[in-house]
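Have a look at this one.
The values are calculated or read from the model by the stated rules, or taken from the named source; none is laboratory data. Values in this document were obtained by computation on a predicted structure and should not be read as measured data. Cβ placement follows ideal geometry from the backbone for every residue including glycine, while neighbour counts extend to all protein chains displayed. Accessible surface areas use protein heavy atoms only, side chains included; no ligands, DNA or RNA. Shrake-Rupley method; radii C 1.70, N 1.55, O 1.52, S 1.80 Å.
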Amino acid sequence: MDAEAQESFREFVANRSSALLKTAVLLSGGDRHAGEDLLQNALIKAAGRWHRIDEPEAYVRQILYRQQVSRWRLKWPRRELSVAEPPETGADADASSAADLRLVMRGALARLTARQRTVLVLLPHSRLRSSGGTPTFEDLPEADVARILGCSVGTVRSTAHRSLARLRALAPELAALGPDSGARQQPSRDSSPAEVL
(Lines give C-alpha, C1' and ligand atoms only; values in the text may rest on other atoms or scores of the structure.)
Protein backbone atom coordinates (compact mmCIF):
# COMPACT_ATOMS: atom_id res chain seq x y z
CA MET A 1 0.00 0.00 0.00
CA ASP A 2 1.47 3.35 -1.00
CA ALA A 3 1.61 6.36 1.35
CA GLU A 4 -1.47 8.03 -0.14
CA ALA A 5 -3.60 4.87 0.16
CA GLN A 6 -2.30 4.29 3.68
CA GLU A 7 -3.31 7.80 4.72
CA SER A 8 -6.73 7.37 3.09
CA PHE A 9 -7.24 4.08 4.97
CA ARG A 10 -6.22 5.63 8.30
CA GLU A 11 -8.62 8.52 7.72
CA PHE A 12 -11.45 6.11 6.88
CA VAL A 13 -10.83 4.07 10.03
CA ALA A 14 -10.69 7.20 12.19
CA ASN A 15 -13.93 8.58 10.75
CA ARG A 16 -16.07 5.46 10.34
CA SER A 17 -14.87 2.84 12.83
CA SER A 18 -17.36 3.78 15.57
CA ALA A 19 -20.36 3.42 13.23
CA LEU A 20 -18.98 0.16 11.85
CA LEU A 21 -18.34 -1.11 15.39
CA LYS A 22 -22.02 -0.55 16.27
CA THR A 23 -23.04 -2.80 13.41
CA ALA A 24 -20.41 -5.39 14.27
CA VAL A 25 -21.51 -5.49 17.93
CA LEU A 26 -25.14 -5.93 16.91
CA LEU A 27 -24.25 -8.66 14.44
CA SER A 28 -22.32 -10.40 17.23
CA GLY A 29 -25.35 -10.48 19.51
CA GLY A 30 -24.23 -7.65 21.75
CA ASP A 31 -20.81 -9.13 22.48
CA ARG A 32 -18.51 -6.12 22.17
CA HIS A 33 -15.33 -8.20 22.06
CA ALA A 34 -16.66 -10.41 19.27
CA GLY A 35 -17.81 -7.27 17.45
CA GLU A 36 -14.35 -5.74 17.74
CA ASP A 37 -12.82 -8.94 16.35
CA LEU A 38 -15.32 -8.98 13.51
CA LEU A 39 -14.56 -5.36 12.60
CA GLN A 40 -10.81 -5.82 12.91
CA ASN A 41 -10.88 -8.79 10.54
CA ALA A 42 -13.02 -6.85 8.07
CA LEU A 43 -10.62 -3.88 8.15
CA ILE A 44 -7.63 -6.18 7.62
CA LYS A 45 -9.29 -7.66 4.55
CA ALA A 46 -10.20 -4.20 3.24
CA ALA A 47 -6.66 -2.87 3.78
CA GLY A 48 -5.24 -5.46 1.41
CA ARG A 49 -7.49 -4.28 -1.43
CA TRP A 50 -7.76 -0.62 -0.44
CA HIS A 51 -6.46 0.82 -3.71
CA ARG A 52 -9.17 -1.09 -5.66
CA ILE A 53 -12.17 -0.18 -3.49
CA ASP A 54 -14.58 2.42 -4.88
CA GLU A 55 -16.99 2.62 -1.91
CA PRO A 56 -15.00 1.75 1.23
CA GLU A 57 -17.83 1.77 3.77
CA ALA A 58 -20.11 -0.41 1.66
CA TYR A 59 -17.20 -2.78 1.03
CA VAL A 60 -16.32 -3.08 4.73
CA ARG A 61 -19.99 -3.56 5.70
CA GLN A 62 -20.29 -6.32 3.10
CA ILE A 63 -17.24 -8.03 4.64
CA LEU A 64 -18.83 -7.71 8.12
CA TYR A 65 -22.08 -9.34 6.98
CA ARG A 66 -20.37 -12.13 5.11
CA GLN A 67 -17.99 -12.89 7.96
CA GLN A 68 -20.91 -13.06 10.37
CA VAL A 69 -22.77 -15.40 8.01
CA SER A 70 -19.66 -17.58 7.86
CA ARG A 71 -19.46 -17.62 11.66
CA TRP A 72 -22.99 -18.89 12.12
CA ARG A 73 -22.53 -21.53 9.45
CA LEU A 74 -19.72 -23.06 11.50
CA LYS A 75 -20.63 -25.81 13.92
CA TRP A 76 -19.30 -24.04 17.02
CA PRO A 77 -21.41 -24.28 20.15
CA ARG A 78 -23.23 -21.08 21.00
CA ARG A 79 -22.22 -19.20 24.10
CA GLU A 80 -25.04 -18.07 26.34
CA LEU A 81 -25.12 -14.50 27.58
CA SER A 82 -26.20 -14.10 31.18
CA VAL A 83 -27.93 -10.87 32.10
CA ALA A 84 -28.74 -10.13 35.72
CA GLU A 85 -32.13 -8.76 36.67
CA PRO A 86 -31.96 -4.98 37.19
CA PRO A 87 -32.93 -3.86 40.69
CA GLU A 88 -36.42 -2.48 41.25
CA THR A 89 -36.56 1.31 41.57
CA GLY A 90 -39.48 3.59 42.28
CA ALA A 91 -38.13 7.12 41.88
CA ASP A 92 -36.46 6.97 38.46
CA ALA A 93 -39.04 4.85 36.66
CA ASP A 94 -38.64 6.59 33.29
CA ALA A 95 -34.83 6.46 33.24
CA SER A 96 -34.71 2.93 34.53
CA SER A 97 -37.42 1.71 32.14
CA ALA A 98 -35.25 2.75 29.17
CA ALA A 99 -32.29 0.92 30.69
CA ASP A 100 -34.51 -2.08 31.45
CA LEU A 101 -35.66 -2.19 27.83
CA ARG A 102 -32.06 -2.07 26.60
CA LEU A 103 -31.16 -4.97 28.90
CA VAL A 104 -34.18 -6.93 27.75
CA MET A 105 -33.35 -6.20 24.09
CA ARG A 106 -29.74 -7.24 24.55
CA GLY A 107 -30.70 -10.47 26.25
CA ALA A 108 -33.37 -11.27 23.67
CA LEU A 109 -31.04 -10.55 20.73
CA ALA A 110 -28.38 -12.77 22.27
CA ARG A 111 -30.87 -15.65 22.42
CA LEU A 112 -31.75 -15.39 18.72
CA THR A 113 -29.74 -17.34 16.18
CA ALA A 114 -27.03 -15.42 14.38
CA ARG A 115 -29.06 -15.52 11.14
CA GLN A 116 -32.14 -14.09 12.88
CA ARG A 117 -30.05 -11.36 14.49
CA THR A 118 -28.41 -10.52 11.17
CA VAL A 119 -31.75 -10.17 9.37
CA LEU A 120 -33.15 -7.91 12.12
CA VAL A 121 -30.03 -5.73 12.06
CA LEU A 122 -30.10 -5.32 8.28
CA LEU A 123 -33.79 -4.87 7.44
CA PRO A 124 -35.54 -1.49 7.01
CA HIS A 125 -36.48 0.37 10.14
CA SER A 126 -39.98 1.27 8.95
CA ARG A 127 -40.87 -2.28 7.85
CA LEU A 128 -40.13 -3.81 11.22
CA ARG A 129 -41.44 -0.86 13.22
CA SER A 130 -44.82 -1.16 11.50
CA SER A 131 -44.91 -4.86 12.30
CA GLY A 132 -44.37 -4.53 16.01
CA GLY A 133 -41.88 -1.85 16.89
CA THR A 134 -38.71 -3.87 17.14
CA PRO A 135 -35.74 -1.55 16.46
CA THR A 136 -33.49 -2.26 13.54
CA PHE A 137 -30.28 -0.54 12.59
CA GLU A 138 -29.07 -0.76 8.98
CA ASP A 139 -32.22 0.03 6.95
CA LEU A 140 -31.27 -2.02 3.89
CA PRO A 141 -33.88 -3.03 1.29
CA GLU A 142 -34.94 -6.68 1.40
CA ALA A 143 -33.29 -7.34 -1.97
CA ASP A 144 -29.93 -6.11 -0.63
CA VAL A 145 -30.29 -8.21 2.52
CA ALA A 146 -31.06 -11.25 0.35
CA ARG A 147 -28.00 -10.56 -1.81
CA ILE A 148 -25.75 -10.12 1.24
CA LEU A 149 -26.99 -13.32 2.89
CA GLY A 150 -27.04 -15.30 -0.36
CA CYS A 151 -30.73 -16.23 -0.18
CA SER A 152 -34.05 -15.20 -1.74
CA VAL A 153 -36.17 -12.22 -0.73
CA GLY A 154 -38.85 -14.66 0.42
CA THR A 155 -36.36 -16.30 2.77
CA VAL A 156 -35.44 -12.88 4.19
CA ARG A 157 -39.13 -12.07 4.75
CA SER A 158 -39.91 -15.39 6.42
CA THR A 159 -36.77 -15.21 8.56
CA ALA A 160 -37.69 -11.66 9.61
CA HIS A 161 -41.22 -12.78 10.48
CA ARG A 162 -39.97 -15.73 12.55
CA SER A 163 -37.25 -13.60 14.14
CA LEU A 164 -39.73 -10.95 15.26
CA ALA A 165 -42.10 -13.58 16.62
CA ARG A 166 -39.24 -15.18 18.56
CA LEU A 167 -38.03 -11.79 19.82
CA ARG A 168 -41.54 -10.92 21.05
CA ALA A 169 -41.86 -14.33 22.73
CA LEU A 170 -38.50 -13.91 24.45
CA ALA A 171 -39.18 -10.33 25.52
CA PRO A 172 -42.86 -9.33 25.68
CA GLU A 173 -41.69 -6.08 27.35
CA LEU A 174 -40.58 -4.88 23.91
CA ALA A 175 -44.24 -4.32 23.02
CA ALA A 176 -43.72 -0.92 24.66
CA LEU A 177 -41.72 -0.02 21.55
CA GLY A 178 -44.72 -0.56 19.27
CA PRO A 179 -45.91 2.15 16.86
CA ASP A 180 -49.06 2.85 18.91
CA SER A 181 -47.35 3.16 22.27
CA GLY A 182 -45.74 6.54 21.67
CA ALA A 183 -42.64 5.32 23.48
CA ARG A 184 -39.39 7.10 22.71
CA GLN A 185 -37.02 4.22 23.48
CA GLN A 186 -36.45 3.50 19.76
CA PRO A 187 -32.66 3.55 19.29
CA SER A 188 -31.49 5.51 16.29
CA ARG A 189 -28.99 4.37 13.75
CA ASP A 190 -26.49 6.78 15.25
CA SER A 191 -26.98 5.66 18.86
CA SER A 192 -23.89 4.48 20.62
CA PRO A 193 -23.59 0.75 21.34
CA ALA A 194 -24.07 1.55 25.01
CA GLU A 195 -27.41 3.21 24.21
CA VAL A 196 -28.55 0.33 22.05
CA LEU A 197 -27.16 -2.52 24.10
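R166 - would you say it is open to solvent by 20 Å² or more (accessible area, probe 1.4 Å), at pLDDT 85 or above and either under 17 Å from G29 (Cβ atoms) or aliphatic (A, V, I, L, M) (or both)?
It is true that R166 is open to solvent by 20 Å² or more (accessible area, probe 1.4 Å), at pLDDT 85 or above and either under 17 Å from G29 (Cβ atoms) or aliphatic (A, V, I, L, M) (or both).
Taking the condition of being of a type in the set (G, A, S), on the phi < 0 side of the Ramachandran plot and part of a loop (DSSP other than H, G, I, E, B), how many residues in the stretch 139-171 meet it?
Residues that pass the stated criteria total 2.
A further question on this structure: So is E36 acidic (D, E) and open to solvent by less than 80 Å² (accessible area, probe 1.4 Å) or not?
Yes; evaluated as a whole, the condition is true for this residue.
If a residue has to be of a type in the set (D, E) and more than 21 Å from the chain's Cα centre (by Cα) to count, how many in the stretch 33-54 make the cut?
1
Could you figure out which of (1) closer than 30 Å to A110 by Cβ; (2) open to solvent by less than 30 Å² (accessible area, probe 1.4 Å); (3) assigned to a helix (DSSP H, G or I); (4) not acidic (D, E) isn't true of G29?
In the conditions (1) closer than 30 Å to A110 by Cβ; (2) open to solvent by less than 30 Å² (accessible area, probe 1.4 Å); (3) assigned to a helix (DSSP H, G or I); (4) not acidic (D, E), G29 misses (3) alone.
Here is a follow-up. Can you tell me which residue among A19, A5 is farther than 22 Å from R117 by Cβ, open to solvent by less than 50 Å² (accessible area, probe 1.4 Å) and either without any contact (Cβ under 8 Å) to a residue 24 or more places away in the chain or assigned to a helix (DSSP H, G or I) (or both)?
A5
What are the residues in the stretch 107-139 that are within 23 Å of L20 (Cβ to Cβ), surrounded by 16 or more Cβ atoms within 10 Å (Cβ to Cβ) and modelled with pLDDT of 80 or more, if any?
Matches in the stretch 107-139: L109, A110, L112, A114, R115, Q116, R117, T118, V119, L120, V121, L122.
Taking the stretch 1-17 as the search range and keeping residues that are among the small types (G, A, S) and at pLDDT 90 or above, which one is nearest to the chain's Cα centre (by Cα)?
Within the stretch 1-17, the match that is nearest to the chain's Cα centre (by Cα) is S17.
What are the residue pairs meeting all of these: first residue in the stretch 103-131, first residue within 19 Å of S70 (Cα to Cα), second residue among the acidic types (D, E) and at pLDDT below 80, Cβ atoms under 6 Å, and 6 or more apart or on different chains?
Filtered contacts from the stretch 103-131: V121/E138; L122/E138.
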